[in-house]
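Before any comments, here is the structure.
The values are calculated or read from the model by the stated rules, or taken from the named source; none is laboratory data. For clarity, every value in this text was computed on a predicted model and none was experimentally measured. Using ideal geometry, Cβ is built from the backbone for each residue, glycine included, and neighbour counts are taken over all protein chains shown. Please note that ligands, DNA and RNA were not included when accessible areas were found on the heavy atoms of the full protein model with its side chains. Shrake-Rupley method; radii C 1.70, N 1.55, O 1.52, S 1.80 Å.
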Amino acid sequence: MFNNRIRTAALAGAIAISTAASGVAIPAFAQETGTNPTFNNSDNFNDADGSTIQPVGPVNHTEDQLKALTDATGAYLSDFQNGNLRGIVADLIEAGESGFDPSEQAAYEAFEAARVRATEELAASAQTITKTRESVNYALKVDREATEAFEAYRAGLQGAAADINPLISAANAANETNGRLIRNYDALYFRDISGSAPLLNPAYNQLKKLQAEVNEDLVWLGEWAIDNRHNDYVTRYHVPAVEALKAEIDARLEAIEPLRADAIAKNLEAQKSDVLVRQLFLERATAQRDSLRVIEAIFSTTARYIELYENVENINVEGKTLRTHYAGLYASLFDAAAFNLGELNRADAATERFFLSWWTDRRDNDEQREYDRAELKFAIETYAKIFINGQWQEKVAYVQNLDSAARAEAARVEAERLADEAYRAEQLRIAQEAADAQKAIADALAAKDDEKPAGDDKENGSSSDIGTWGPFAAIAAIIAAIAAIFPMISGILKF
């Protein structure tokens, strides 16, 4: 429905910006607009659109912060998601100083400004993805640390039960007081902490209770008058058995206490974050980035389409004008929009639904399995969309390559023309200098003839004709004439 509304809009330019799709960004006409991004040194992926690898460490950007970041991008994308053509066009003409200008030049400037804005939003979105990945990394790190601390604490309790229970049996067997003063102790049954999600505090409290009982009984065992009844006395084996029990309990608790403190502290930190909710924000941020990529491509395509109006660059390529090639891109962009806007809407809905809670919280705090599932699903979808969106990407790249080749050829022809003009101008200059030199020689010779004294000729047997202006001046004049004439001849032959 949204796609059909877009296809029937009145203005082709407005149509172009009322949709969005995801895919690998193709920075359109970057050199021409002065926005050529900085590319990765090794593989030409673009840092500005989030296509490069960005190693991240664990940084605790909270769920609230991630929501604020993605909401900011969502505010920009809302008109595109809702198909709000009026809102999109209103943003285009907002910068007008004296009302709407219907000229093609004004339209080009409006769409070019919109492309710049989309490029800025895309760069911000790429940074949001990095921050969200840092946030997921942190939540996963503290979850894993809490799990490891829990396992160590549980192992300490289980080991204590395994070693203390035989000592309990020995103390009970040596007890002849029949429980009147010295009780028989209950064994530590820690079956409740062997499952997948046990509570450890009851087992710890049981161990602490046993410690208190043993300590109290050792005081009673030290009473002088405790042996005062038949079959109600302390045997010589009883005190050593209880002392051995006490020593083991004390040693075990001494080892368990730091494990318990560490487990509590790390789990408290882990409870402050939810890796699955943060993963949802990563999916939302990625869907926003994908949408912004195609919005940028749509704006740049539209700006170039309008720029080619009455433009000498709008030449025929492969039987069509460049302008026609650009117009032919919109169908692919619109088809991609329907798919990717649906993905973005789904990501928005999931993020909002699970922002405050996640169903795995009802069972336990071990989110690793659910995270692994979510990560795998997200990876499969990400890889699939690269190929799905490659269809429109390649069509845009093909037209841009045609445009670039046409521009390169026009630049080459123009460079050759300018070089030829410069060469001809240089040859004309050389020829003019030669002509000027010839004229100067002729004028000099004429002047010497005018200065020659009357009767000073061979008939008078005089040899003063050369001496009148000197042999060196004559030689210099001849050399200058030759030097001027040869470049002129050489230049003429090159025409």
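When D364 is tested against (1) at pLDDT below 85; (2) under 30 Å from N267 (Cβ atoms); (3) of a type outside the set (K, R); (4) touching a helix residue (DSSP H, G or I) at 6+ places or on another chain (Cβ under 8 Å), just one condition goes unmet, and that condition is (4).
Of the helices (runs of 4 or more DSSP H) contained entirely in the stretch 1-102, those carrying at least 2 residues that are modelled with pLDDT of 50 or more and of a type in the set (S, T, Y) fall at 63-82.
Let's see how each residue does on (1) over 60 Å from the mean Cα position of the chain (by Cα); (2) in contact (Cβ under 8 Å) with a residue 60 or more places away in the chain; (3) in the same structural domain as N172 (by the TED database); (4) under 13 Å from N184 (Cα atoms):
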| residue | (1), (2), (3), (4) |
| --- | --- |
| A203 | no, no, yes, no |
| Q206 | no, no, yes, no |
| K209 | no, no, yes, no |
| D217 | yes, no, yes, yes |
| W220 | yes, no, yes, no |
| E223 | yes, no, yes, no |
| I226 | yes, no, yes, no |
| Y233 | yes, no, yes, no |
| R236 | yes, no, yes, no |
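Selection of first residues in the stretch 382-396 that are under 12 Å from V294 (Cβ atoms) and not assigned by the TED database to the domain that holds L341 and of second residues that are of a type in the set (A, V, I, L, M, F, W, C) and open to solvent by 80 Å² or more (accessible area, probe 1.4 Å), restricted to Cβ pairs under 7 Å at least 6 apart or on distinct chains, gives an empty result.
Among the candidates A90, A107, A126, the residue that is free of Cβ contacts under 8 Å to residues at least 40 places away in the same chain, over 30 Å from K246 (Cβ atoms) and small (G, A, S) is uniquely A90. Could we say that Q279 is open to solvent by less than 40 Å² (accessible area, probe 1.4 Å), without any contact (Cβ under 8 Å) to a residue 60 or more places away in the chain and within 60 Å of the chain's Cα centre (by Cα) here? No.
When the stretch 64-78 is filtered for residues that are of a type in the set (D, E, K, R) and free of Cβ contacts under 8 Å to residues at least 24 places away in the same chain, the ones remaining, listed by number, are D64, D71.
Only one entry of A446, A408 meets the criterion of being modelled with pLDDT under 80 and open to solvent by less than 90 Å² (accessible area, probe 1.4 Å), and that entry is A446. Kindly list, by first and then second residue, each pair from a residue in the stretch 314-333 that is in a helix (DSSP H, G or I) to a residue that is of a type in the set (F, W, Y) and crowded, with 18+ Cβ neighbours inside 10 Å, limited to pairs with Cβ atoms under 8 Å and residues at least 6 apart or on different chains. Note: pairs meeting the criteria are R323/Y305; Y326/Y305; A327/Y305; S332/W392; L333/W392. Screening L181, L218, L200 for residues that are within 30 Å of F150 (Cβ to Cβ) and out of contact with any strand residue (DSSP E or B) (no Cβ under 7 Å at 6 or more places or on another chain) leaves exactly one candidate, L200.
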